[in-house]
Amino acid sequence: MLIEFKDWLADLGNKPYGSKNFNRALCFRYFFLIPTDWYGNEIKDYDYESTWFDDVEPGWRKIFLEMCEKIQNVLDYSYNEVDDKFKFVQIKEKFGELRMYADGMNDEIYNIIEDCSKKSRLICCECGAPAKWQTTDWIRPYCDSCVPIKKDGTKYDAIPIKKGIYD
Ligand SMILES: [Zn+2]
C-alpha cells in the first residue's frame, strides 16, 4: 500500500467524510466501492455522490476499510481472474453484524468478507469500541456508553456479549 494512502486512511476520522473528494479518493484505491444500481449495473453519469462505504455503520468503518485493503491486495495479485467481476451488491447491518453481499468473489475474498462480518459482531456499531452489549429488540452490538436510550429515558434491553459467543 502506498505510504501516503496509509496516512490518509489513518487520519480518516478527520476527513470530510461523504464529500465527493473523499469518495473519489476512496474509489481510486478501491474501485469496488463504486456503487451499482439495483441490478448490479454501472450507474450512468456516476459523480461520486455516494459509495458503498455510506452503507457501513460508523463504528464498523475502520474494519470495513481494513477489509477493503485486504480485498484490493488479493485483486492486485489475482491476474484479473476476479478483478473485473468482483463487486458489492448490497451492504447493510443485519442481525447485529455487517452483512455484505458481493458478486465475483473467489474463495480468498469470500473468507476476507466473512472474517469482517464476524469481527463486526464484537464491535460497537456506533463508535468502534469493543462491544459489551447486544440489544435484543433490534439486534445490534454496543459498548457501555452507546446502548441507545428509549423515549421514556431508559436504555434499550440488552444482553451481555461474551467473546467467542459466535464461534
Ligand atoms: Zn460505542
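Readers should treat all values here as calculations from the given coordinates under stated rules, not as data from a laboratory. Computed from a predicted structure; not experimentally measured. Cβ atoms come from the backbone with ideal geometry, glycine included; neighbour counts cover every protein chain shown.
Just a few scattered comments:
- Among I63, I161, a tally of other beta-carbon atoms within 10 Å of each Cβ gives an order, fewest to most, of I63, I161.
- Packing-based exposure ordering (other Cβ within 10 Å, fewest first) of S50, S145: S145, S50
- Pairs exceeding 23 Å between alpha-carbon atoms, taken from K70/K162; K118/K151; K119/K151; K44/K87; K62/K85; K94/K150: K70/K162; K118/K151; K119/K151; K62/K85.
- Assigned charges on the beta-carbon of Lys, Arg, Asp, Glu; region 126-167 dipole about Cα centre (debye): 40
- Calculated FRET efficiency for the pair Y77/Y46, C-beta based, R₀ 22 Å, to 0.05: 0.20
- Taking D55, D7, D103, D152 and counting other C-beta atoms within 10 Å, the order from fewest to most: D152, D7, D103, D55
- Cα gyration tensor shape of region 26-90, rounded if a/c is under 1.5, else prolate or oblate by comparing a/b with b/c: oblate
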